[in-house]
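Notes follow the structure.
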Amino acid sequence: MLKKFFKRFKSQKGLSGVMIALLLVLIGVGLVAGINVWLTGQKNTIMTKANASITNAMK
């Protein structure tokens, strides 16, 4: 299915550059969103561990 899509996509002449640009933009936005979610999760993990360490140090 994907092979047919790319074959059909390559045969298009007029808008192929625009389609490729849009595809690259979508991939870029997806990467930025994914990295943002990952970094937020890492930040929360670090803050949780830091709070636990501070609590243990104050006992």
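Before moving on, here are some points about what is shown:
- Derived scalar couplings between HN and Hα for the stretch 34-47 equal x, 5, 4, 5, 5, 5, 5, x, 5, 4, 5, 4, 5, 5 Hz in order, rounded to whole Hz, by the Karplus curve 6.51 cos²θ - 1.76 cosθ + 1.60 (θ = phi - 60°), x for Gly and Pro.
- Accessible surface, per residue, of the chain when the full set of protein chains is kept, probe 1.4 Å, Å²: 97 Å²
- Rounded to whole numbers, the Karplus 3J(HN,Hα) couplings from phi for the stretch 18-32 are 5, 5, 5, 4, 5, 4, 5, 5, 5, 5, x, 5, x, 5, 4 Hz, using 6.51 cos²θ - 1.76 cosθ + 1.60 with θ = phi - 60°, and x at Gly and Pro.
- Taking the helices alone, the chain has a mean residue ellipticity at 222 nm of -32000 deg cm²/dmol, built from -39,500 (n - 2.57) per DSSP H run of at least 4 residues and averaged over all its residues.
- Integer Hz, Karplus 6.51/-1.76/1.60 couplings in order for the stretch 48-59, x for Gly and Pro: 5, 5, 5, 4, 5, 5, 5, 5, 5, 6, 7, 6
- Carbon plus sulfur fraction of accessible area for the chain, probe 1.4 Å, in percent: 72 percent
The values are calculated or read from the model by the stated rules, or taken from the named source; none is laboratory data. These figures come from a predicted structure and were not determined experimentally. Surface areas here come from the heavy atoms of the whole protein model, side chains and all, with no ligands, DNA or RNA. Shrake-Rupley method; radii C 1.70, N 1.55, O 1.52, S 1.80 Å.
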